[in-house]
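Below is one structure, written out as structure tokens; the observations come after it.
The values are calculated or read from the model by the stated rules, or taken from the named source; none is laboratory data. No experiment lies behind these values; they were computed from the predicted model shown. Don't worry about glycine lacking a Cβ; one is built from the backbone with ideal geometry, like all the others, and counts go over all protein chains shown. For the accessible areas, the whole protein counts, side chains as well, though only heavy atoms, and no ligand, DNA or RNA atoms are used. Shrake-Rupley method; radii C 1.70, N 1.55, O 1.52, S 1.80 Å.
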Amino acid sequence: MSETSPKLRAELDGIPTYKPGKPAAAGGPVAYKLSSNENPYPPLPGVMEQAISAAGVFNRYPDMACTGLMNELADRFGVPVSHLATGTGSVGVAQQLLQATASAGDEVIYAWRSFEAYPIITQISGATSVKVPLTAGEVHDLDAMAEAITDKTRLIFVCNPNNPTGTVVRRAELERFLDRVPGDVLVVLDEAYREFIRPAEGEGGGVPDGIDIYRDRPNVAVLRTFSKAYGLAGLRVGFAVAHEPVAAALRKTAVPFGVSQIAQEAAVASLRAEDELLGRVGSLVAERERVYRGLVGQGWTVPETQANFVWLRLGARTLDFAAACEAAGVVVRPFAGEGVRVTVGENEANDLFLRTAEAFRKEM
Ligand SMILES: *Cc1c(COP(=O)(O)O)cnc(C)c1O
């Protein structure tokens, strides 16, 4: 065998590997997976039925244009089909956005800590990450992000609510930021947890709906996913809403036939069952408030969260806390030296987590 190996792009050196949330221990006592921000509810029977019927033709390629889903999304969100693009999860779409905008020598700005896929997909594109620290309150520092823009900037992620802190930016500050971004820089509003925000805009909460924002801003793209509120994480389907040249570029950079027919039909069925699914989201939001208040009552400092998870900045105690949770039967997501993100799950899982956090706190 030859000693040489195929030449790989130097950009791939040192790419951090995406750490999936740890699975709940098999065969252990009770074990709950609160590490991946998944929806704890099982698929709705009607959605399952659609998925199973689509599975009956998986010898065929899916509809490459995702016609049924695109039409349904266009109706639901009041946008033209030409402003939509689908992909294998919204991470897939985010990667397409980078492929469409950035390469070696370019810069991509995002808050840090934020979604761990951003550094990975940025590095794969060849562009350089410019990470702007969150404020002391764990919120995007939009002023600092605006100041970080250079003539090399091609794309800026704003994760709202932010993963893993759950914090949000509000309309006025977001608009002020967008006014400062040059028109040739794409701003991506990643709204994976949009449905969990309370109160919704119009009810006085002031957290903007990206789809309102994008309408008169050609340099804004909105990312949404079926993985969280709609409970289709395993099927890999997400979408972007963006103006024509950007949406068209997304269709060019998509993996052909990336979104399976099963995913497409389950997504359509989910949009049609939205009342029921959003009812479940309401229950999760109530649980989130219970977990948040429980932690605050125990004396923890917890940033106010608008997503389906809470963030505890544990610093040097992070891994010990995660180990204590795991020993108790709850798997959480540690970021070593920084903190722990805990998904809001089944009521019993949340109870178990709260008891574990309380015991840990007493020993601190
Ligand atoms: C979970 C998540 C996504 C969505 O991932 P999918 O690829 O759609 O499953 C996107 N952005 C953020 C910030 C997330 O936390």
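Residues of the chain were split at every exposed loop site, defined as chymotrypsin sites (Phe, Trp or Tyr not before Pro) in a DSSP loop with at most 15 other C-beta atoms within 10 angstrom, and the longest piece left, sites excluded, is 59-256.
Once you have a ≥ b ≥ c as the square roots of the Cα gyration tensor eigenvalues for region 47-272, tell me rounded if a/c is under 1.5, and otherwise prolate or oblate according to whether a/b is larger than b/c. It is prolate, given that a/c is not under 1.5 and a/b is the larger ratio. Taking 16 Å as the straight-line reach from the Cα of Lys131, the lysines in range (excluding those fewer than 8 positions away in the same chain) are Lys152. For the chain, the residue among Ala349, Met48, Gly337 whose Cα projects farthest onto the positive side of the dipole built from Cβ charges is Gly337. Remark: the chain carries 45 Å² of accessible area per residue (probe radius 1.4 Å; ligands, DNA and RNA excluded). Placing unit charges on the Cβ atoms only, positive for Lys and Arg and negative for Asp and Glu, gives region 158-275 a dipole magnitude near 300 debye about its Cα centre.
Were the residues from Arg355 through Glu3 laid out at 0.36 nm apart, the gain over their Cα-Cα distance would be 121.1 nm.
Once the Cα-Cα distance is subtracted from the 0.36 nm per residue extended length, the Met364 to Glu244 segment shows a gain of 37.8 nm.
About its Cα centre, the dipole of region 47-272 is roughly 460 debye, where the only charges are +1 on Lys and Arg Cβ and -1 on Asp and Glu Cβ.
Spatial offset of region 266-303 relative to region 42-78 amounts to 25 Å, using the alpha carbon center of each. Applying both filters, DSSP loop and at most 15 other Cβ atoms within 10 Å, to the trypsin sites (Lys or Arg not before Pro) of region 88-169 gives Lys152. Most tightly packed first, judged by the mean number of other beta-carbon atoms within 10 Å of their residues, the peptides 343-352, 89-98 read 89-98, 343-352. Using the Cβ-Cβ distance between Ser103 and Arg290 with R0 = 35 Å, the FRET efficiency computed as 1/(1 + (r/R0)^6) comes to roughly 0.15. Considering only Gly294, Phe226, Ala192, and ranking their Cα positions along the charge dipole of region 168-320 that arises from unit charges at the beta-carbon of Lys, Arg, Asp and Glu, the one farthest toward the positive end is Gly294.
Distance between the modelled labels on Glu304 and Thr150, one decimal in nanometres: 3.6 nm (7 Å Cα→Cβ projection).
Counting only lysines at least 8 places from Lys228 when in the same chain, those with an alpha carbon closer than 16 Å to its own are Lys33.
Looking at the chain alone, DSSP beta bridges between its own residues are antiparallel in about 45 percent of cases. Note on region 47-272: dipole from Cβ charges, positive end direction compared against His243, Phe157, Pro119; the farthest Cα belongs to Pro119. Calculated mean residue ellipticity at 222 nm for the chain: -11500 deg cm²/dmol, from DSSP H runs with n ≥ 4 weighted as -39500 (n - 2.57), summed, divided by the residue count and rounded to 500.
Counting only protein heavy atoms and a probe of 1.4 Å, the accessible surface of the chain is 54% carbon and sulfur.
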